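Read the structure below first, then the notes.
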Amino acid sequence: MKNVTPPQYQIPANLGSLAVPAVVVALALWFALTCFTSVPTDSNGVLTRFGKFVEIVKPGLRFKLPLGIDNIDLVPVERQLTLDFGFTTPSATNQNQAPDDPEAERNIVTGDLNMALVEWIVQYRIEDPKQFKFHVFEPEGTLRDASEAVMREVVGDRTIDEVLTVGRAEIETETLTRLQALVLRYGLGLTVMQVQLQKVHPPKGVQASFGEVNQAQQEKQQAIFLANGEYNKVVPRAKGEALRKVSAAEGYAAKRVNEAQGDAGRFNATLTEYLKSPEVTRQRLYLETMQEVLPQLSRKIVLDDKAGQIFPLLQLDQKTK
Amino acid sequence: MNRALLLPLLIAAAMLLFASTYTVPETEQVIITQFGQQIGAPVTKAGLHWQIPFIQKVNRIEKRILEWDGPAAEMSTEDKLFIDVDAFARWRITNAKLYFVRLTDLRSAKDRITNTLNGETRNAVARHQLVEIIRTQRDRQPVVDASLDASVNKTLPEIRFGRAAIEAEILKAAQPALAEYGIELLDVRFKRINYNAGVAAKIYARMTSERQQIAARFRSEGEGEAAEILGKRERDMAQIESEAYRKVQEVQGKADAEATAIYAAAYGQTPEAREFYSFTRTLETYRTVFARETTLVLTTDSALLRLFKSGPAAAPK
């Protein structure tokens, strides 16, 4: 290693004359930095002098006295803030948003001494920065506790079925009204804008039995559908069948009457002719009939009235041909 | 005056000024002590104040409304149910002098409140049934879920006092004890009331059996309605079929009667007609009565064979 002599800095001889402007510049810079505060557009500043409240400052670049005489606390008045109850939102930015113990928070005893798991959110805004800063210690923590107390009060006056199904909207509005009144009474400097129920369940151990009720409702509907099916399978057909039978009967009736009228007409016609010469007609009809009938018979035996004695010899059951 | 002395003097003056003033923020009140002795009334006005440097001491005490959120504690109600009660209270220091002497800091104050409130809460809870702590509005009528319409859950249990009254009871009992420490208790509220594990199991069992009851009701309703429909089917079938039978019989009977009347009118119009009918009908009967297998024995006396026997000479009569 070469032995290098470190560079020698020469203290300028006129240092004394330079020091004063340097100090002045540094002071000016420091003054500029500590005498101004930028209040963002979504916030208001609370200006205090020696700890005493002076005024609320609006957004923009604001002057204040240095050396800790004046102090501006920023309060995000325009921001809508949210508190979660019974569950946590992973992306939460508000430090009060997440519950410490979600499990205990969502367990609520209902008015009929059942239990429900209720998750909800409360949305609020800081309305009065002065009150928010000075009146109550940790207003947002108080809002958390107040919200829980009010929600339990409201759920505590309702049945499990109201909490799970029919009463949801009413619980939200009731909680909101009561919470708004309480926040006003406590002077938190906040305004609650909305209470919204999230998931509401029966407790884990009884969820199956609540499912069973739904299933039974389905089964009831199904039983009715099935029975209606059975009904519809036979009754409309029977109605049609009945109509068919009646129609058939009407057909029969028409036929019967028509035939009777036909027969009667025919009879009347022949009768008229018969009455003109009854003897001959009778004879003719008799002989015609005999002519038709006799050839069909397989055996014919002609006897003289004097020969009655051959009867015993006649084998009547004997087949001919 | 020596220029060199000016700077140290200025610094000393600034330090003295600094030491003889103090600020009070809006959130605090101050008690000035001198050798441990309280001097004057507490300073509650925010801003810049004077003090005797190095001798007097500034003791800062919270002025805002404070919150007490005690730990949950297991308690027994009058109806012997074990519940975990988590309450919260709001309080403030109204008598700073008393507070300063007896408690000094927030932690000891909170411990004091915890002791007082736990005891009073326990007493109040033990005096009331669970439902009195859960419910608030005495005359509230619950909304009924029309889709369930089971009679199980239609009413809320009756109460005599309610949650708000019990909270007021606790507040009233705890206030005097804490006033002795310069603390004003503003209100007490139940935050959480949960069944402890043993009770919860029983509650779950009850809820389960209640739901099973509702489910069983639905099933039997379903079966009942199905049976009703099937009964209606049988009734309607019998009705339809018998009505059809009746109509058929009526229509046919009417036709038969009409036909009979027509025949009777034709055949019975005169004695000749009646006689002719019986004659022709008898002949017609012959056509059907005699079949192929019939053996017919005719005597020569018969009308047909008279000629056969007597020959052409005898004229038929």
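The values are calculated or read from the model by the stated rules, or taken from the named source; none is laboratory data. A quick note: this is a predicted structure, and the numbers were derived from the prediction, not measured. Neighbour counts run over all protein chains shown; Cβ positions are idealised from the backbone, glycine included.
Annotations
- Residue in the range B:129-151 that is in a helix (DSSP H, G or I), at pLDDT below 85 and either within 32 Å of the chain's Cα centre (by Cα) or more than 22 Å from A:VAL154 (Cα to Cα) (or both) present: yes
- When the strands (runs of 3 or more DSSP E) confined to the range A:56-110 are screened for residues that are surrounded by fewer than 17 Cβ atoms within 10 Å (Cβ to Cβ), those reaching at least 2 such residues are found at A:60-63.
- Any hit, the range B:282-301, residues being more than 7 Å from every other protein chain (Cβ to nearest Cβ), closer than 16 Å to A:ASP263 by Cβ and assigned to a helix (DSSP H, G or I): yes
- Residue ID - nearest to the other protein chains (Cβ to nearest Cβ), chosen from residues in the range A:137-155 that are of a type in the set (A, V, I, L, M) and either touching a residue at least 60 places away in the same chain (Cβ under 8 Å) or farther than 30 Å from B:PRO25 by Cα (or both): A:ALA149
- Consider the range A:15-47 and keep the residues that are modelled with pLDDT of 85 or more and hydroxyl-bearing (Ser, Thr, Tyr). The one that is nearest to B:GLN29 (Cα to Cα) is A:SER43.
- Residue satisfying all of: in the range A:111-152; in contact with a helix residue (DSSP H, G or I) (Cβ under 7 Å, 6 or more places away or on another chain), at pLDDT 90 or above and among the charged types (D, E, K, R); nearest to B:ILE203 (Cα to Cα) among these: A:GLU119
- Unique residue being at pLDDT 90 or above and either at the interface with chain B (Cβ under 7 Å from one of its Cβ atoms) or in contact with an Asp or Glu (Cβ under 6 Å, 6 or more places away or on another chain) (or both) when the list is A:ALA242, A:ALA181: A:ALA242
- Positions within the range B:78-130 being surrounded by 16 or more Cβ atoms within 10 Å (Cβ to Cβ) and over 25 Å from A:ARG144 (Cα atoms), in sequence order: B:LEU81, B:ASN95, B:ALA96, B:TYR99, B:PHE100, B:LEU103, B:HIS128, B:GLN129
- Meets criteria (under 29 Å from B:GLY231 (Cα atoms) and either part of a helix (DSSP H, G or I) or more than 7 Å from chain B (Cβ to nearest Cβ) (or both)) for A:ALA269: no
- The set of residues in the range A:156-167 that are more than 7 Å from chain B (Cβ to nearest Cβ) and surrounded by fewer than 24 Cβ atoms within 10 Å (Cβ to Cβ) contains only A:LEU164.
- B:ILE166 being over 20 Å from the mean Cα position of the chain (by Cα) and among the aliphatic types (A, V, I, L, M): yes
- Just one of (1) facing chain A (nearest Cβ under 10 Å); (2) part of a loop (DSSP other than H, G, I, E, B) fails for B:ARG160. It is (1).
- The one condition from (1) of a type in the set (Asp, Glu); (2) farther than 18 Å from B:LEU304 by Cα; (3) modelled with pLDDT of 55 or more that A:GLU288 does not meet is (2).
- For the range B:175-206, the candidate set comprises residues that are in contact with a Ser or Thr (Cβ under 7 Å, 6 or more places away or on another chain) and part of a helix (DSSP H, G or I); within that set, the residue that is nearest to the other protein chains (Cβ to nearest Cβ) is B:LEU178.
- Complete set of residues in the range A:116-136 that are facing chain B (nearest Cβ under 10 Å) and crowded, with 24+ Cβ neighbours inside 10 Å: A:VAL136
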